[in-house]
Amino acid sequence: MQVPAHVEYERATSVEHALSLLSRPETRVVAGGHSLIPMMKLRLAQPELLVDINGLAELAFIAKDGDQLRIGALARHADLLDSAVAGKCFPIFHDAERVVADPIVRLWGTVGGSLCQADPSEDLSAAFAAARATAVIKTPGGERTVPVREFHLGPYETVIGRGELLAEIRVPVKPGTGSAYEKVSRRVGDWSIAAAGAVLRLNGEKIEEAGIGLTAVGAEHFVAAEAEDYLRGRPADQDTFTQAAKIAAEHCHPAADQRGPEDFKRHLVAELTTRALRRAAGRAAP
Ligand SMILES: Cc1cc2nc3c(=O)[nH]c(=O)nc-3n(C[C@H](O)[C@H](O)[C@H](O)COP(=O)(O)OP(=O)(O)OC[C@H]3O[C@@H](n4cnc5c(N)ncnc54)[C@H](O)[C@@H]3O)c2cc1C
């Protein structure tokens, strides 16, 4: 199939307008369209109405606001990669964006679309999970917030309901934090075979808080929770990182596919988690 089925199209002029259109059944938001349009061509998605949110400039921002980094759902991958404030607070986002697809996808694909697509191989889902971000969802009655760690219900499924719109992602900025993302793919611009993101908050040499996100390896909510528990309160050194990475590799659920067998993916998780933790610790400024 190369041509999507017949679909109605409306261009939203405001968030309120988008929400009212989204209250209709079988309606989907289109942002960058890099995931949705191919799925429509393959008849994996067959909405009756597309609500185009590309005119909603109020959703296309990246800013530090007090102790939070705020990223609008319509910020493009390229905007996040170009954002100095995002790179300063969370180098993990720049690491991840450098390896998301290619420049064409990054120019048009959006941060919100990445999260809402809920593809198990989406790099930003793991990066935001590691950073303990919160999703802000506009609803017919106002708005609600959901931790990114609870946002994905499974592959291609999120908590966003009918008549709702992801508006922004908020990430807590805390002193003493460093972060990094490491990915291995078959070729430049490809999806992950496996990837790992780490966010560490240090107090001297001690780990106060740890976030580990895993991509494409069947980690529940993209998180390596057992490894995070192990890290808390321990010294930020190579032995600790190696052991935590081993725990992360043991507890994820990679599936054998054209990108490699299960044991190879577990090996990658251990290696990439170690590297991400080491780089995150090196970047943690007091
Ligand atoms: C060739 C190619 C290679 C790629 N490689 C990678 C890669 O290596 N790593 C990676 O992480 N990603 C990769 N991607 C995926 C890319 O990052 C995502 O497709 C893209 O960013 C999704 O964003 P979008 O704006 O295009 O979403 P769309 O396709 O417009 O939408 C995707 C889904 O999200 C919903 N949606 C979008 N915005 C909202 C919103 N604000 N509120 C509620 N629902 C919303 C839509 O209804 C749809 O269901 C690749 C894509 C392509 C085409």
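Every condition in (1) under 26 Å from residue 17 (Cβ atoms); (2) of a type outside the set (Val, Ile, Thr); (3) crowded, with 20+ Cβ neighbours inside 10 Å is met by residue 125 except one, and the failing one is (1). Inside the stretch 57-115, can you point out the residues that are closer than 20 Å to residue 201 by Cα and near the ligand (Cβ under 10 Å from one of its atoms)? Answer for the stretch 57-115, where residues must be closer than 20 Å to residue 201 by Cα and near the ligand (Cβ under 10 Å from one of its atoms): just 96.
Confirm whether residue 135 is more than 8 Å from the ligand (Cβ to nearest atom) and aliphatic (A, V, I, L, M). Criteria met by residue 135.
Looking at the stretch 224-244, is at least one residue under 22 Å from the mean Cα position of the chain (by Cα), of a type in the set (Val, Ile, Thr) and modelled with pLDDT of 95 or more? No, the conditions are met nowhere in the stretch 224-244.
Let's see how each residue does on (1) within 11 Å of the ligand (Cβ to nearest atom); (2) modelled with pLDDT of 95 or more:
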residue	(1), (2)
149	no, yes
152	no, yes
165	yes, yes
170	no, yes
184	no, yes
189	yes, no
194	no, yes
204	no, no
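Residues that are under 14 Å from the mean Cα position of the chain (by Cα) and over 17 Å from residue 250 (Cβ atoms) were ranked within the stretch 183-197; the one that is surrounded by the most Cβ atoms within 10 Å (Cβ to Cβ) is 197.
Rundown of residues vs (1) closer than 14 Å to residue 163 by Cβ; (2) of a type outside the set (A, V, I, L, M); (3) not in a loop (DSSP other than H, G, I, E, B), yes/no style:
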site: 16; (1), (2), (3): yes, yes, yes
site: 20; (1), (2), (3): yes, yes, yes
site: 24; (1), (2), (3): yes, yes, no
site: 32; (1), (2), (3): no, yes, no
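Out of 229, 190, one residue alone is part of a helix (DSSP H, G or I) and either free of Cβ contacts under 8 Å to residues at least 12 places away in the same chain or among the small types (Gly, Ala, Ser) (or both). It is 229.
Applying the set (1) surrounded by fewer than 18 Cβ atoms within 10 Å (Cβ to Cβ); (2) part of a loop (DSSP other than H, G, I, E, B) to residue 37 leaves exactly one unmet item: (2).
Looking only at residues that are of a type outside the set (A, V, I, L, M) and in a helix (DSSP H, G or I) in the stretch 205-226, which one is surrounded by the most Cβ atoms within 10 Å (Cβ to Cβ)? Restricting to residues being of a type outside the set (A, V, I, L, M) and in a helix (DSSP H, G or I), the top hit is 222.
Residues in the stretch 95-106 that are buried (at least 20 other Cβ atoms within 10 Å of the Cβ) and either among the basic types (Lys, Arg) or under 13 Å from residue 276 (Cα atoms) (or both): 95, 96, 106. A single member of 49, 44, 19 is more than 18 Å from residue 181 (Cα to Cα), more than 8 Å from the ligand (Cβ to nearest atom) and at pLDDT below 95, and it is 44.
Looking for something in contact (Cβ under 8 Å) with a residue 60 or more places away in the chain and of a type outside the set (D, E, K, R) - is there at least one such residue anywhere in the stretch 244-257? Yes, the conditions are met somewhere in the stretch 244-257.
Among the residues of this structure, residue 26 does not count as one that is under 25 Å from residue 176 (Cβ atoms) and within 12 Å of the ligand (Cβ to nearest atom).
The values are calculated or read from the model by the stated rules, or taken from the named source; none is laboratory data. Computed from a predicted structure; not experimentally measured. All Cβ positions, even for glycine, are placed from backbone atoms using ideal geometry, and neighbour counts span all protein chains on display.
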